[in-house]
Amino acid sequence: MRLPAEFSLIARHFLPLAGPGAMGLADDAAILTPPPGRELVLSADAMVAGVHFLPDDPPETVGRKLLRVNLSDLAAKGALPIGYLMTVSTPADTPDVWFAGFAAGLALDQAAYGIALLGGDTTSTPGPVSLSLTIIGHVAPGTAVLRSGARPGDEIWLTGTIGDGALGLQAALGRVADADGYLLDRYRLPRPRIGLALAGIASAAMDVSDGLVQDLGHLCRAGNVAAEIEAARVPLSEAARAAGAAWLETCLTGGDDYELLLAVPAGRRAALLSETARAGVAVTRIGFFRPGPPDVTVRRADGEPMELTKSGWSHF
């Protein structure tokens, strides 16, 4: 008997990505056994063409970005990945070559990050390509780093550089020069900081997806603290600096960085630097938390507050 078109597509492109517990993608559910003595960590993110990626982005990078933005959520918890569930909704006329490229991108990052597909769904939609992924990871019991632990006096640290993702989108739209494609690459392919052992070092953490200032505000509200950062200390890549001072606010509020934002007690600074050096991840101290209403102040080089027209990306 000939397979229905949907199941034929799954067999061609997604079955090779399936891992143990996926039941060969032939059942309605996966069966997962977590590593002994570990707690599960789950997170979900969606991506829609024209909102989270450009409709003409290569399907390979679309697949990799979908997986990586979810891996970034695990990284912020200090968790390691196990597997993922995925829903793919595409217009009926989506060519098979798009699915082939999308699956090839997933395969590359599955190998890189030690993760496998467990199941999901494929559907047709009259709208743009819509993708959703639920990722599953694990941590030692009681060690997941939450958003709610920041306390007055904790230092604010950032991994990597900020602003490259937002400027990459502007480069794709022809608004920022990007001769070597560095910024566009950072927009299309985030670098999730999987593997950083944050337990016992960071008192709070989250990844920067919707803008540094806005996401720092989330940590403030969760911990009922205020935050101050120095704009001059925020780490920018050479490409972001070359874009010019006019783009600084975009770097601070644009989002799509997927770097880690950490609250770290001063006494744990050495432990943080040791761990990030072990993992080969650059980290920069940009400010501190203090008592006060949950709010973020960005200071200019002269110490005066920086006026921002927005704090970050909003989905509504």
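The values are calculated or read from the model by the stated rules, or taken from the named source; none is laboratory data. Model, not experiment: these values are computed from the prediction. When we count neighbours, we look across all protein chains shown, and the Cβ atoms used for this are built from the backbone with ideal geometry, even at glycine. Accessible surface areas use protein heavy atoms only, side chains included; no ligands, DNA or RNA. Shrake-Rupley method; radii C 1.70, N 1.55, O 1.52, S 1.80 Å.
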(Q) Sort 162-169, 246-253 by the packing proxy (mean of other Cβ within 10 Å over each peptide's residues), most packed first. (A) 162-169, 246-253
**Q.** Derived scalar couplings ³J(HN,Hα) [segment 124-139; Karplus, 6.51 cos²θ - 1.76 cosθ + 1.60; whole Hz; x for Gly, Pro]
**A.** 9, 9, x, x, x, 4, 10, 10, 9, 9, 10, 9, 10, x, 8, 9
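Heavy atoms only, probe 1.4 Å: what % of the accessible area of the chain goes to carbon and sulfur, would you let me know?
The value for the chain is 56 percent carbon and sulfur by accessible area.
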Q: Calculate the spin-label point distance for M23 paired with A44, positioning each point 7 Å from the Cα along the beta-carbon direction, and give it in nanometres.
A: 1.8 nm
Q. Quick one: length gained pulling A11 to M306 fully straight, 0.36 nm per residue minus the C-alpha distance?
A. 100.8 nm
Q: With everything on Cα atoms, drop me the angle between helix 96-113 and the longest principal axis of the chain, reported from 0 to 90° to the nearest 10.
A: 50 degrees
Q | Under 9 Å, Cβ to Cβ, from V139 - net charge with Lys/Arg +1 and Asp/Glu -1 | A | +1
Q) Once both labels are modelled 7 Å past Cα along the beta-carbon direction, what's the T123-A92 spacing in nm? A) 1.6 nm
